[in-house]
1. Provide the net charge surrounding residue 61, with neighbours chosen by a C-beta distance below 15 Å and charges set as Lys +1, Arg +1, Asp -1, Glu -1.
2. Could you give me the ³J(HN,Hα) list for the range 59-73, computed from phi with Karplus coefficients 6.51, -1.76, 1.60 and θ = phi - 60°, whole Hz, x at Gly and Pro?
3. Residue by residue through the range 79-94, what is 3J(HN,Hα) from phi via Karplus (6.51 cos²θ - 1.76 cosθ + 1.60, θ = phi - 60°)? Round to whole Hz and write x for glycine and proline.
4. Set the Förster distance to 22 Å, then compute FRET efficiency between residue 128 and residue 69 from the Cβ-Cβ distance, nearest 0.05.
5. Tabulate in residue order the Karplus-calculated ³J(HN,Hα) for the range 139-152, using 6.51 cos²θ - 1.76 cosθ + 1.60 with θ = phi - 60°, rounded to whole Hz; enter x for Gly and Pro.
6. If the limit is 21 Å between Cα atoms, which of 73/109; 73/159; 104/159 go over it?
7. Which cross-chain or sequence-distant (5 or more) residues have an amide H under 5 Å from the amide H of residue 148, H modelled 1.01 Å from N in plane?
8. Check each of the chymotrypsin sites (Phe, Trp or Tyr not before Pro) in the range 61-170 and keep only those in coil by DSSP with at most 16 other C-beta atoms within 10 angstrom; list them in order.
Amino acid sequence: MRSLLDSRAAICIGAREVTRFLQLLVTVDLTLSMKAFVLICVLLIAGCSSAGGLTPFTTDGCSLFPEGTLKQKDLWLTCCTDHDLAYWMGGTSDDREKADRELKECVAKAGERSIAQLMLAGVRVGGTPYLPSTFRWGYGWPWPRGYTALTDEEWLRIKETLSGKHREGH
């Protein structure tokens, strides 16, 4: 069974590779139907590289958004890191709405209400769990996950991963 998983991982690609591939696909001179066929093939094998497991927590700060003002460069970075943690874990659509609302409130508390509103709009559009991006809802789990409530076992896995107790294969 282990060798089957190893060989399967060799043909699988992750969300980062899919995102890069989509950027490249737009520039290639192919018919629309050929691009659609290639895209479907890529999406069918996307996300299987972690073989059902939770990846270690990573954060890219505020993703595609500044992390603060020109004077205070990290003004709302902790807001984004907390938000990334919620997005890494995933969960229901209500969980996502709560995480997005908390991001908005955190940035507003930093004194930037208009920025908070802009960020909320950005995460509501860009954070959908249905695209294989590195900042999608539930990005710690293999794509596609959608809006799935976390099970007791998944909560345990999250706690173990965050505490450093989990090691792949154990």
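Every number here is computed from the coordinates shown, using simple stated rules; none is lab data. It should be emphasised that the depicted structure is a prediction, and the values quoted were computed from it without experimental measurement. All Cβ positions, glycine included, derive from the backbone under ideal geometry; neighbour counts span all protein chains shown.
1. Numbers: positive: 73; negative: 60, 67, 74, 82, 84.
With Lys, Arg at +1 and Asp, Glu at -1, the neighbours total -4.
2. Result, ordered by residue: 9, 10, x, 9, 6, 9, 10, x, 9, x, 8, 5, 7, 10, 4 Hz.
3. Here the 3J(HN,Hα) series is 4, 5, 5, 4, 5, 4, 4, 5, 5, 4, 5, x, x, 7, 5, 5 Hz.
4. Working: r = 28 Å, r/R0 = 1.27.
With a Förster radius of 22 Å, E is 0.20.
5. 5, x, 9, x, 8, x, 10, x, 9, 10, 4, 6, 7, 4
6. Numbers: 73/109 16 Å; 73/159 31 Å; 104/159 25 Å.
Pairs exceeding the cut-off: 73/159; 104/159.
7. Sorted by chain and number, the residues that satisfy this are 91.
8. Values: sites: 76, 87, 88, 130, 135, 137, 139, 147, 155; in loops: 76, 130, 135, 137, 139, 147.
Sparse-neighbourhood loop chymotrypsin sites (Phe, Trp or Tyr not before Pro): 130, 147.
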